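Below: the structure, in structure tokens.
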Amino acid sequence: MSESEEKIIEIDNVYYEYPEGIQALRGVTNYVLRGEIVAIMGENGAGKTTLIKHFNGLLKPTRGRIKVKDKDTRKTSVAELSRIVGIVFQNPDHQLFAETVFDEVAFPLRNFGFPEDVIENRVKWALNILELYQYCDKSPFMLSVGERKRLAIASVLAYDPEVIVLDEPTAGQDYLQKEKISEIIKLLKLMGKTIVLVTHDVEFVTMYVQRIIVMSQGKIIAEGPPHRVLTDYNVIRRGNLLPPQLVRISRALYGKSLLDRYDYLSVEDLSREIISKMREANGGTSSI
Amino acid sequence: MEALRAFKTIKKDSLYDRLDPRTRFFLSTVLAFLAIYSSRLDTQLIVLTCVLSLSFMAKRVRVILRGLYGSLFLLVLIFTLNFIFTPNLQGAIYALVMTLRFTTLITSFALFFNSTSPEEIGIALEGVGVPRDFSLLINMSFRFVPTLANDIQIVSDALRSRGLELEKGRLYNRIKNYVYLLVPLIIFEVRRSMMIAEALEARGYGLDVKPTRLVSLKFTWKDCLAIVLALLGTFLLYFFGFL
């Protein structure tokens with residue numbers, strides 16, 4: 001991390017225990033930089049969702065502290081923090097309630113006290129970006145699962161938070177919907193948003209994420225860029241993750257001494273390396 | 001929410017948990033019966049002490065007290081409504097008796113549900129001859145109390161994340177805020193109940209065959225001892241004029 005990079009979320013030795021007595025976080029220390037895309041990964045029950053619920057103050061640390069833009073989440077209201085950190089929950093059905101798609105997106109803006117003319121513009125803007133404007137007057141419950149998911153993102157995007165947290169954005173989505181979510185993430189990145197993804201989808205992560213945090217049993221067990229974290233089989237095993245397909249292929253070839261390393265996360269890099277090795281094997285005369 | 005949480009089953013290694021669910025139900029029913037039957041303050045205090053001792057034995061004092069804290073509003077309401085009509089010492093004692101009675105009812109059944117899984121309730125009901133359809137109905141109603149509590153938490157988290165302050169503002173606004181909570185909740189629960197009905201049918205529920213059971217209940221000498229002690233305690237209360 002260079003000095004010019006500003007930490008927008010600072011997590012300092014955070015512990016959290018649920019009222020039932022479950023210790024969900026055990027001394028988590030990390031950060032989220034302004035403008036970065038970071039993924040939080042790990043097994044079920046590792047504490048990922050518990051951690052992101054701390055970002056907008058839905059949960060307050062039992063011990064330790066979290067600062068969002070220098071605001072201590074223990075002393076700041078959820079409403080105030082939600083202006084900075086917008087969380088899109090995994091299941092959109094848990095949050096949709098309005099009669100129309102328009103009202104659904106306008107709901108947080110009204111809560112935050114935006115004037116009606118601004119609300120109208122913002123809602124149109126968010127719905128257009130997420131290709132939902134044609135459903136403006138429809139009931140949210142008439143939309144397909146993928147559209148409802150996009151609607152949940154639109155209702156957060158409309159009030160323009162600096163950090164957008166997406167909890168399991170690709171869970172249960174088909175290829176086309178995944179592609180649409182990827183496009184949204186790219187767009188949010190272009191808009192300069194900080195994005196935190198909670199996901200199990202290693203293939204998705206390798207394409208869009210700059211940094212990965214792996215959690216297990218309430219602790220961070222690894223963090224770093226995808227090519228380092230997702231090629232470390234020790235971390236992958238402890239985090240109950242499946243290595244990306246390219247890593248599995250390159251590791252198999254590495255095992256047979258056909259490659260010198262196995263941290264390939266792009267098809268282009270791996271195919272280039274394989275071609276080069278084949279050329280070498282043919283004494284540089286291959287027509288490949 | 002806290003009141004609902006007290007009804008969530010958590011397995012613990014305690015003497016109380018090792019009792020047969022029918023015995024646990026019997027103990028809770030006896031305590032609830034004593035609380036309803038008696039109108040004396042001292043009896044109510046004795047019964048409540050018994051419930052709390054049982055909670056201590058079951059290693060669940062914290063969760064039971066937390067559940068009570070969640071019902072605090074209701075307890076205060078019961079006391080106030082009973083007291084305002086007879087605002088004297090007699091009225092205060094009566095209001096206190098009513099409040100303690102409600103407290104005992106909540107705690108004794110919270111203790112039972114906290115230690116007994118819906119599956120055990122179903123087996124116990126079928127064990128005493130309740131038809132399977134009814135036992136399943138009751139079983140599932142209890143089974144989904146903690147799930148409902150969980151859903152309420154998720155929906156309210158989603159609403160709070162979008163700037164809704166559920167507990168702020170005037171009474172009218174607060175009531176309106178809870179309507180926002182109800183809509184997704186009802187839709188979600190209706191969808192879930194339809195999925196459950198389909199899943200049950202898909203797994204052969206409704207066939208005209210007597211189902212077998214993997215787990216069967218065992219009635220041991222500990223259960224006999226617990227029942228004898230409960231009956232003895234009731235008799236002693238009666239004998240010494242507390243009932």
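A short reminder: the numbers here are calculations on the coordinates, not readings from a lab. Just so it is clear, the structure is predicted and the values come from calculations on it, not from any experiment. Cβ coordinates were reconstructed from backbone atoms using ideal geometry, including for glycine residues, and neighbour counts include every protein chain displayed.
Before moving on, here are some points about what is shown:
- Remark: mean inter-chain Cβ contacts per residue of A:88-94 equal 5, using a 10 Å Cβ-Cβ cutoff to other protein chain atoms.
- Rounded to whole Hz, the Karplus (6.51, -1.76, 1.60) HN-Hα couplings of the range B:19-27, x for glycine and proline: 6, 5, x, 5, 5, 4, 5, 4, 4
- Across chain A, the longest run free of exposed loop sites, meaning trypsin sites (Lys or Arg not before Pro) lying outside DSSP classes H, G, I, E and B with no more than 13 other Cβ atoms within 10 Å, spans A:76-255.
- Partner chain coverage, peptide B:184-194 - average Cβ within 10 angstrom: 2
- Links that overshoot a 19 Å alpha carbon limit, given the list A:71/B:168; A:75/B:168; A:60/B:176: A:71/B:168; A:60/B:176
- Shielding by partners - mean other protein chain Cβ count within 10 Å, residues of A:19-28: 2
- Going by neighbour counts of Cβ atoms within 10 Å, the residues A:168, A:10 line up, fewest first, as A:10, A:168.
- For chain A, modelled as a GNM whose springs connect Cα atoms under 10 angstrom apart, the maximal fluctuation among A:139, A:82, A:276 occurs at A:276.
- Amide H contacts of residue A:221 (H built 1.01 Å from N, under 5 Å, at least 5 apart or other chain): A:214, A:215, A:216
- Extension gain (nm, one decimal) between residue A:44 and residue A:176, 0.36 nm per residue minus Cα-Cα: 45.0 nm
- The DSSP beta bridges internal to the protein assembly as shown are antiparallel in roughly 55% of cases.
- Across A:152, A:98, A:39, mean-square fluctuation computed from a Gaussian network of chain A (C-alpha pairs under 10 Å connected) peaks at A:98.
- Counting only Cβ charges, +1 for Lys and Arg and -1 for Asp and Glu, the dipole size of the range A:65-129 around its Cα centre is about 600 debye.
- Folded to 0 to 90 degrees: helix A:116-129 orientation relative to chain A principal axis, Cα: 20
- Report summary: the helix-based calculation at 222 nm, which adds -39500 (n - 2.57) for every DSSP H run with n ≥ 4 and divides by the residues of chain B, gives -25000 deg cm²/dmol.
- Amide H contacts under 5 Å for residue A:62: A:15, A:16, A:17, restricted to partners 5 or more places along the chain or on a different chain, H placed in the peptide plane at 1.01 Å from N.
- Positive minus negative residues near residue A:48 (Lys, Arg vs Asp, Glu; Cβ under 11 Å): -2
- Sorted by Cβ density within 10 Å, fewest first, the residues B:223, B:208: B:208, B:223
- Under the shape rule built on the C-alpha gyration tensor, where the axes satisfy a ≥ b ≥ c, the range A:1-99 is rounded, since a/c falls short of 1.5.
- Distant-in-sequence amide H partners of residue A:8 (H built 1.01 Å from N, under 5 Å): A:32, A:33, A:34
- Using θ = phi - 60° in the Karplus curve 6.51 cos²θ - 1.76 cosθ + 1.60, the 3J(HN,Hα) couplings for the range B:39-54 round to 10, 9, 5, 4, 5, 4, 5, 5, 5, 5, 4, 4, 4, 5, 5, 5 Hz; x is entered for Gly and Pro.
- Sequentially through the range A:96-106, phi angles give Karplus couplings (6.51, -1.76, 1.60; θ = phi - 60°) of 7, 8, 6, 6, 10, 4, 4, 4, 4, 6, 6 Hz, Gly and Pro residues having no value and appearing as x.
- Gyration tensor (alpha-carbon) shape descriptor, the range B:102-243, a/c threshold 1.5: oblate
- Fluctuation leader among A:153, A:275, A:52 - chain A, Gaussian network, Cα springs under 10 angstrom: A:275
- Between the range A:124-164 and the range B:96-114, the alpha-carbon center distance in angstrom: 46
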